[in-house]
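A.B. asks: I have a structure I would like to understand better, so I am pasting it below and will then ask my questions one at a time.
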Amino acid sequence: MDTGDRSAAWRLPLSRALWSVTPREPEPLVSVVIPTWNRAELLATRTLPSVIRQTYPRWEAVVVGDACTDDTAARIAALNDPRIRFHNLPQRGVYPDDPLLRWMVAGCAPINRALSLVRGKWLAYLDDDDEFTEDHIEVLLAFARETGAEFVFGTGEFQRAPNEWMRIGKLPPAPGNIMHSAVLYRDYLKFLKYDAEAWKESVGADAHLWGRMQRHGVRFAHLDRVVCKAPLRPGETLAGQLAAERRAVEERVRAFPRPYKLNAGCGRVPFEGWLNVDANPEISKPDVVWDLARGFPVPDGSCELIYSEHLLEHLKVEDGVALLRECHRALQPGGRLRFAMPSLDALLEKCCSGNWRDQDWLTWPDHQFIQTRAEMVNIFFRWWGHQWIYDSEEFHRRLAEAGFTKVRDVPWGQSEIAEFRNRETRKDSLLICEAEK
C-alpha cells in the first residue's frame, strides 16, 4: 500500500502554499473520523453522543465499519442526525493473528477509507469507545489557529483499570505521548495514510503516523487541556495495550498442555515441562513474558502446581496477597503451591547471635564490605527491591487470607510431591512453604 511518504517532499510544500492563499472560513467544516467494528452499543450511546454535544456546530462524523456484522447501521440511523455518515467495508482489513500486534494496527483499513470520504478542512479522530469533551473541537481549532500548527493535540484521560486513570499528552510526538482521540490536523495531511504493517516496527499505527509526519517536518503543538476521555468498556478491567498484551499472553499460554505446572518468576531457572513466566526476558528465559503483579494469564482452576523462589519478598504486602489470591484462583481443587524465600526468623536468629556473619549471602563478593549487624539488617530489608520480608507466621497468615489450607513449612529441596523436589537453587531460601487449595 502507498502510505504517501514518497510524495511528501513535493506535496507538503504545495499544500502549504495553497493553504496560505485560501480564504479563511470563520467556521470551517471539521470531519471526525471514527473507525468501528461491531461496537454498536458504545458507539451509539457514548461515542457519537459526545460528538453531537459539541459546542462547535459545523462538523461531520464519518463512521466506517471494518466489515461490521452487528446492528451498527441501524443504531446510527436511529440517532437521526444527517451530519453522521456511515459506510461499511465489504470485507475486514488484513491484520496480524497475534492479539497484541493486531491491536497495534486494527482499524487501519476503515480509517484510510474514511480519509478518502471526508469533506472538512480539519480532521479529528475518535475511537469508537472514546468520548470527546463538549468543547473538544472548539478549543483545538482555536488553538490551531492561534499557533499556526498543522497538527494539534490536547490531553486525554485514559482509564487503564477500574481505579487507575492516566493523563496522556505531551511533546515530542513520540509513542505514548499522544492519545489518538485528542488530535486535530489540517486536511491536506490526509495523503499520509495509516500503515497496517506498523507492527513490524513494534509501534501502533497511530504513533507510526505521527512519527512519519514529524520526519516530514509537520508542525506540531500540544494544548495542555483535557479534550477527550477513554473510559473502560462495560465489563472490562483492563484497557488498551494492557488488555491487548494480556490477550496475546493468554493465547500463547493456550499452546501449553493443561493442567499447567507454573513456574512463577522463573528468573534464570526455567523448568523443563513447566510453563515458565517472568517479566524480564533479559535476565531469564521464560516461555511467556508477563508481569505477574498484573495477575496470572491463565484460566480459573487450570494449574496443577505453582512454584516460585525469591519472588514474593519483592512485592508490597498488598500486592503479595493479591498474587497469592491469583495462585488460589489459578489452581485446580487439590492443586499445590510451593514458595521459597528469605526468612525473617533466620535473619533475626543470626542477628541476635554472635555469629551474624554466618549467612550464605554474606559470602558473596559484592557483600564483603558489610561490617556491622545494623548495616547487614538494613541491606537485607532495603536492597534488591525487597518490599516485605516474611517469617513463617506471617506467610502462613497471608496464605490463609488468600484461601489456602494445609499450609506447612517444608525442608529445602524436599517434598512429598516429586515435581517439587530439588527445585530450590538459592541457599538463602530458608523459608519454604507448601499449601493446598
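A.B. asks: Any residue that is surrounded by fewer than 15 Cβ atoms within 10 Å (Cβ to Cβ) and outside any helix (DSSP H, G or I) - is there at least one of those in the range 35-51?
C.D. replies: no
A.B. asks: May I pose another question? If residue 325 satisfies all but one of (1) surrounded by fewer than 20 Cβ atoms within 10 Å (Cβ to Cβ); (2) under 20 Å from the mean Cα position of the chain (by Cα); (3) in a helix (DSSP H, G or I), what's the number of the condition it fails?
C.D. replies: The single condition residue 325 does not satisfy is (2).
A.B. asks: If you don't mind, there's one more thing I want to ask. So, of the residues in the range 44-61 that are of a type in the set (S, T, N, Q) and touching a Phe, Trp or Tyr at 6+ places or on another chain (Cβ under 9 Å), which turns out to be nearest to residue 72 (Cα to Cα)?
C.D. replies: Going residue by residue through the range 44-61, those that are of a type in the set (S, T, N, Q) are 45, 47, 50, 54-55.
Still in the running and touching a Phe, Trp or Tyr at 6+ places or on another chain (Cβ under 9 Å): 47, 50, 54.
Numbers: 47: 13, 50: 17, 54: 22 Å.
Ranking the qualifying residues of the range 44-61, first place goes to 47.
Residues are listed down the side, and each one gets a yes or a no for (1) in the same structural domain as residue 431 (by TED's automatic domain parsing); (2) assigned to a helix (DSSP H, G or I); (3) β-branched (Val, Ile, Thr):
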{"position": "351", "(1), (2), (3)": "yes, yes, no"}
{"position": "355", "(1), (2), (3)": "yes, no, no"}
{"position": "358", "(1), (2), (3)": "yes, no, no"}
{"position": "361", "(1), (2), (3)": "yes, yes, no"}
{"position": "370", "(1), (2), (3)": "yes, no, yes"}
{"position": "374", "(1), (2), (3)": "yes, yes, no"}
{"position": "377", "(1), (2), (3)": "yes, yes, yes"}
{"position": "381", "(1), (2), (3)": "yes, yes, no"}
{"position": "390", "(1), (2), (3)": "yes, no, no"}
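A.B. asks: Taking residue 269, is it surrounded by 19 or more Cβ atoms within 10 Å (Cβ to Cβ) and either over 30 Å from residue 40 (Cβ atoms) or small (Gly, Ala, Ser) (or both)? First the steps, then the outcome.
C.D. replies: On the way: surrounded by 19 or more Cβ atoms within 10 Å (Cβ to Cβ): no; either over 30 Å from residue 40 (Cβ atoms) or small (Gly, Ala, Ser) (or both): yes.
Criteria not met by residue 269.
Per-residue answers, yes or no, for (1) modelled with pLDDT under 90; (2) more than 23 Å from residue 291 (Cα to Cα); (3) of a type in the set (Phe, Trp, Tyr):
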{"site": "189", "(1), (2), (3)": "no, yes, no"}
{"site": "197", "(1), (2), (3)": "no, yes, no"}
{"site": "210", "(1), (2), (3)": "no, yes, yes"}
{"site": "215", "(1), (2), (3)": "no, yes, no"}
{"site": "222", "(1), (2), (3)": "no, yes, no"}
{"site": "248", "(1), (2), (3)": "yes, no, no"}
{"site": "255", "(1), (2), (3)": "yes, no, no"}
{"site": "266", "(1), (2), (3)": "no, no, no"}
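A.B. asks: Go through the range 89-129 and report how many residues are touching a Leu at 6+ places or on another chain (Cβ under 9 Å) and acidic (Asp, Glu).
C.D. replies: So the answer is 2.
A.B. asks: Kindly indicate whether any position in the range 350-373 is surrounded by fewer than 14 Cβ atoms within 10 Å (Cβ to Cβ), out of contact with any helix residue (DSSP H, G or I) (no Cβ under 6 Å at 6 or more places or on another chain) and at pLDDT 95 or above.
C.D. replies: no
A.B. asks: Follow-up question, since we're still on this one. Please work out if residue 181 is hydroxyl-bearing (Ser, Thr, Tyr) and under 15 Å from the mean Cα position of the chain (by Cα). Outline the logic, then answer.
C.D. replies: Details: hydroxyl-bearing (Ser, Thr, Tyr): yes; under 15 Å from the mean Cα position of the chain (by Cα): no.
Answer is no for this residue.
A.B. asks: I need the helices (runs of 4 or more DSSP H) fully contained in the range 76-167, keeping only those with at least 2 residues that are in contact (Cβ under 8 Å) with a residue 60 or more places away in the chain and over 30 Å from the mean Cα position of the chain (by Cα).
C.D. replies: By residue number, 136-147.
A.B. asks: A further question on this structure: Checking the condition in a helix (DSSP H, G or I), hydrophobic (A, V, I, L, M, F, W, C), under 23 Å from residue 437 (Cα atoms) and modelled with pLDDT of 90 or more, which residue from 337, 399 passes?
C.D. replies: None of the other options fit; the residue is 399.
So that you can scan it fast, the table gives a plain yes or no per residue for (1) in the same structural domain as residue 412 (by TED's automatic domain parsing); (2) closer than 24 Å to residue 336 by Cβ; (3) β-branched (Val, Ile, Thr):
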{"position": "235", "(1), (2), (3)": "no, no, no"}
{"position": "260", "(1), (2), (3)": "yes, yes, no"}
{"position": "275", "(1), (2), (3)": "yes, yes, no"}
{"position": "281", "(1), (2), (3)": "yes, no, no"}
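A.B. asks: Identify the single condition in (1) under 20 Å from residue 274 (Cβ atoms); (2) buried (at least 19 other Cβ atoms within 10 Å of the Cβ) that residue 415 does not satisfy, given that it satisfies every other one.
C.D. replies: Unmet condition: (2).
A.B. asks: Can residue 432 be described as β-branched (Val, Ile, Thr), assigned by TED's automatic domain parsing to the domain that holds residue 314 and at pLDDT 95 or above?
C.D. replies: yes
A.B. asks: Can you name the residue in the range 191-200 that is touching a residue at least 24 places away in the same chain (Cβ under 8 Å) and surrounded by fewer than 19 Cβ atoms within 10 Å (Cβ to Cβ) and is also nearest to the chain's Cα centre (by Cα) among such residues? Spell out the reasoning first.
C.D. replies: Within the range 191-200, the subset touching a residue at least 24 places away in the same chain (Cβ under 8 Å) is 191-199.
Remaining after also requiring surrounded by fewer than 19 Cβ atoms within 10 Å (Cβ to Cβ): 191, 197.
Numbers: 191: 30, 197: 20 Å.
Out of the qualifying residues, it is 197.
A.B. asks: Then there is this: Sort through 28, 82, 35, 110 and tell me the only one that's touching a strand residue (DSSP E or B) at 6+ places or on another chain (Cβ under 8 Å), more than 30 Å from residue 232 (Cβ to Cβ), assigned by TED's automatic domain parsing to the domain that holds residue 194 and at pLDDT 95 or above.
C.D. replies: After applying the criteria, what remains is 28.
A.B. asks: Please list, ordered by first then second residue, the pairs with beta carbon atoms under 6 Å, 6 or more apart or interchain, first in the range 281-298 and in a helix (DSSP H, G or I), second among the hydrophobic types (A, V, I, L, M, F, W, C).
C.D. replies: 292/264
A.B. asks: Inspect the range 302-314 for any residue being touching an Asp or Glu at 6+ places or on another chain (Cβ under 9 Å), assigned to a loop (DSSP other than H, G, I, E, B) and of a type in the set (Phe, Trp, Tyr) and give the result as yes or no.
C.D. replies: Checking the range 302-314: not a single residue is touching an Asp or Glu at 6+ places or on another chain (Cβ under 9 Å), assigned to a loop (DSSP other than H, G, I, E, B) and of a type in the set (Phe, Trp, Tyr).
The values are calculated or read from the model by the stated rules, or taken from the named source; none is laboratory data. Quick caveat: nothing in here was measured; it's all calculated off a predicted structure. Neighbour counts are summed over all protein chains in view; Cβ atoms, including those assigned to glycine, are modelled from backbone coordinates with ideal geometry.
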